[in-house]
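Please treat every number below as a calculation from the coordinates, not as lab data. These numbers come from a predicted model, not from an experiment. Backbone-built Cβ (ideal geometry, glycine too); neighbour counts: all protein chains shown.
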Ligand code: AMP
Ligand code: ZN
């Protein structure tokens, strides 16, 4: 399969491994957005968040706090961003992964929650809730 992360898992490609268990693998992102930027992936080739089963999500997410704490102790960041890009045009490797990005003062990263949607009325919030809940399966 032509997937970089599967190649890493099959040891056809090198990676800077930091953690592994039966279902999950974590390694340093080759592009260190900041010092310690880490990726956590399922060992199974699963394309994106839409394809994760509950058990996959549980297996992956349960190691996130452990790795986040290790990054905190290792690098003393001011905080950490945990993000996952899904589907084109956001995603560049189509094997689900979670980025753990330790943050440092003036690190130049631009990951924060700012209001890009404008002023959201109570009615609009309620419309959003109704729509999303209707589509929860
Ligand atoms: P995304 O753009 O969210 O799909 O993230 C994919 C990430 O994979 C990028 O941050 C890349 O730097 C990273 N990446 C691509 N190839 C490798 C590799 N061989 N080893 C480690 N990280 C990689
Ligand atoms: Zn893969």
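Listed values, structure above:
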| read-out | value |
| --- | --- |
| Long-range Cα-Cα pairs in region 4-134 (distance over 21 Å), rounded percent | 50 percent |
| Kirkwood Rh in Å, taken over region 3-75 so that all alpha-carbon pairs contribute | 12.9 Å |
| Most mobile of 121, 15, 74 in a GNM of the chain (Cα contacts under 10 Å) | 121 |
| Computed FRET value (nearest 0.05) for residue 51 with residue 109, which takes r as the C-beta separation and R₀ as 30 Å | 0.60 |
| Degrees, to the nearest 10: 64-75 long Cα axis against longest axis of the chain | 70 degrees |
| Cα-based Kirkwood hydrodynamic radius, region 89-135, one decimal, Å | 14.7 Å |
| Spacing of the two label points (7 Å from each Cα toward its C-beta) at residue 10 and residue 122, in nm | 5.8 nm |
| Alpha-carbon centroid distance for the pair region 1-28 / region 58-135, whole angstrom | 22 Å |
| Förster-model FRET efficiency, 22 Å R0, residue 73 and residue 20, C-beta, rounded to 0.05 | 0.70 |
| Structure-based [θ]222 nm, the chain - -39500 (n - 2.57) summed over DSSP H runs of at least 4, per residue, nearest 500 | -8500 deg cm²/dmol |
| GNM flexibility winner over the chain from 108, 118, 36 (Cα, springs under 10 Å) | 118 |
